[in-house]
1. Taking B:PHE230, is it surrounded by 19 or more Cβ atoms within 10 Å (Cβ to Cβ) and hydrophobic (A, V, I, L, M, F, W, C)?
2. Look at the range A:76-113 and say how many of its residues are of a type outside the set (D, E, K, R) and outside any strand (DSSP E or B).
3. For the range A:187-202, which positions are in contact with a Leu (Cβ under 7 Å, 6 or more places away or on another chain) and either open to solvent by 10 Å² or more (accessible area, probe 1.4 Å) or away from chain B (no Cβ under 14 Å) (or both)?
4. In the set B:SER221, B:SER263, which member is among the hydroxyl-bearing types (Ser, Thr, Tyr) and either surrounded by fewer than 19 Cβ atoms within 10 Å (Cβ to Cβ) or farther than 29 Å from B:THR132 by Cβ (or both)?
5. Any residue in the range B:274-289 that is more than 14 Å from chain A (Cβ to nearest Cβ) and out of contact with any Phe, Trp or Tyr (no Cβ under 7 Å at 6 or more places or on another chain)?
6. Any residue in the range B:89-100 that is aromatic (Phe, Trp, Tyr) sitting within a Cβ distance under 6 Å of a residue that is open to solvent by 20 Å² or more (accessible area, probe 1.4 Å)? List the pairs, counting only those 6 or more apart or interchain.
7. Which residues, taken from the range B:192-250, are in a helix (DSSP H, G or I), touching a residue at least 60 places away in the same chain (Cβ under 8 Å) and not polar (S, T, N, Q)?
8. Name every residue in the range A:117-127 that is surrounded by 15 or more Cβ atoms within 10 Å (Cβ to Cβ) and at the interface with chain B (Cβ under 10 Å from one of its Cβ atoms), in order of residue number.
Amino acid sequence: MEKLNSTDNKYICEYCFIVNNISEARFFINRFSLKPKKKYNLFPIFSNKKKDIWLAINQDTISPTVTPIYLKNCANANEQTTWIFFSFSFLSNLNLPHFIIIDEIIDSSAQNKLYPSVSCLKKFKRKNAFSNEQKFQNQDCITLKNIYEIYKTLEKLVNKALIFVTTLSMPEKYELSDIDNKTIKSEQNKFITEIMNLSDEMKITIFPFFYVFNFFKKIKEEFKFSVYEQNVLENLLKQFNPYDLKNNLKFIKKLKNGKQVINHLKQKLL
Amino acid sequence: MINTIYVENEIKDHLRTLSILSKFKRSRVIYIHKYSEIFNKKKQSFRLQKKDPLLILAKKNNNFVLKAPEGFGIGASENYYFSHMYNCIYDCKYCFLQGLYSSANYLVFVNYEDFLTQIKNLVTRNKGKSITFFSGYDCDSLAMEKVTNFAVFFLKNYLQSKNITYEFRTKSLQIHPFLKNEPTENIIIAYSLLPEDFANKFDVKVPSINLRIKSLKQLTSLGWKIGLRFDPLIYNKNWKISYKELINTILNEIDMNYLHSVSFGSLRFPKQIFSTISNMYPGDELFSYNFEKRDNVYSYKDEVEEEMISFCKNLIHKKVKKDVQIFSCTPY
């Protein structure tokens, strides 16, 4: 097996997904055109061509605490990577599938609890979840297999606000296959895209310097700048609020050359 | 609107907890063992939480009242501070809490009685000495008053003694507990103030300077003692004009007979806090002026600090009777 940390650094891993089985992975594989990475043989690992989206499927034979660490190494994920755990679950009091964010994880065997961040998640429906099956099944309880171990490991590795524990809860009386596949897909697509966009917004707030730095890199790639102009550009960008930069990006991309970019930024600072 | 409230199991039936929860009927309530499971954990983002803060209700078990840092005081021989809450609803760019905590969520300790017990113990221990107790160090004393009712409780139950002064430091307009009570010599309501042009840039989500001055006027008109806290003093090329205008406006508006004290402290940060906060605001003008590092504290150069403080002191002296107490406040 290839040494995990020696992967090339030319890409930035933006999103890592963890699921429990192939049926949960299918949506992500199709939506992001993920391909299996056969050189990683401990877990099924997938990534897209750009290598900015990665996915791992938990294995019953391996402790779930290993999954996040292994995926982090394979994907070369950094502190700015968004982590999304996704699983299907069942609730008796539903008529239609519901996308839910988990804000309290209960390890019922030891009665330990973990509390995923809820920053900026007020628009989503939220509930608690058990990490293992309950002896006396409460019909209003969500069970997400392995989630306690996975979250406990993840919260030590990455920024807590960028870990999202998500589930698509189905009406309990139905089997997964009974529910219209289209409905499931459209719910997944809608909410997972929303979470991904939200996490992108959150990263600007959490890592403003990196945003400015990445912005500089992007602009430098798109336009030609002399060394002097690069310095001017760098100094100009440092004076910007990252959100103002984000709002200006579309306009800047329409400009013709580096000089125009610099003049535009100068004017914006006046 | 606070969307989520975490409540420690131990105080889930506390009357104050129930009263606070009753004000947030639509919020999701999650019961926790200890507030430290949520608050100030590693790998959290202060700036992100500031966008959407949640509330934590907890019981404080020790360190109710702490010794104030060296250089923090308004004339008493002993200075202590207490905080019934950590963090603040305002978002001042220079606020040291941003660097102190990794969490911007509001943490309210509901066992107010224990704060007063410790104050009483300290008064007994320091018998005969003059003591000031400051509220508003880790939070704004009054900004969350509508939720916490801390000032209401305090005014009903505090220990009166001629040697003791209590200062409520604030930028808030929530002064109703004082308006409903008789004024007392022991309590000062002290307002942190910045010139309007500075406040518009740096005092984010804070009541305007004009409204703060209006509150000061209201308090003095009822006989409450007030304090003026020009802390931090912030530098820019027009600082003299700005501070002159601010000080003149205030002194023209309020009844000087009730001015207890004035204090000045220039902008300063402990080293670690400076690096954390300045990284939160890349390119912000607040941090673009040259700071100097002295004894692990980042501040303006000595001569700048001295010039600013003496300029403002002179403005005060010109207008105010001589016995008003003026202090330089330079903790850390």
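1. yes
2. 15
3. A:GLU187, A:GLN188
4. B:SER221
5. The answer is no; no qualifying residue exists.
6. B:TYR90/B:LYS205; B:TYR90/B:VAL206
7. Matches in the range B:192-250: B:LYS201, B:PHE202, B:TRP239, B:LYS240, B:TYR243, B:LYS244, B:ILE247.
8. Across the range A:117-127, the qualifying residues are A:SER117, A:VAL118, A:SER119, A:CYS120, A:LEU121, A:LYS122, A:ARG126, A:LYS127.
The values are calculated or read from the model by the stated rules, or taken from the named source; none is laboratory data. Since the structure is predicted, the reported quantities are computational estimates derived from the model, not experimental observations. Neighbour counts are summed over all protein chains in view; Cβ atoms, including those assigned to glycine, are modelled from backbone coordinates with ideal geometry. When the accessible area is computed, the model is the full protein with side chains, heavy atoms only, and any ligands, DNA or RNA have been set aside. Shrake-Rupley method; radii C 1.70, N 1.55, O 1.52, S 1.80 Å.
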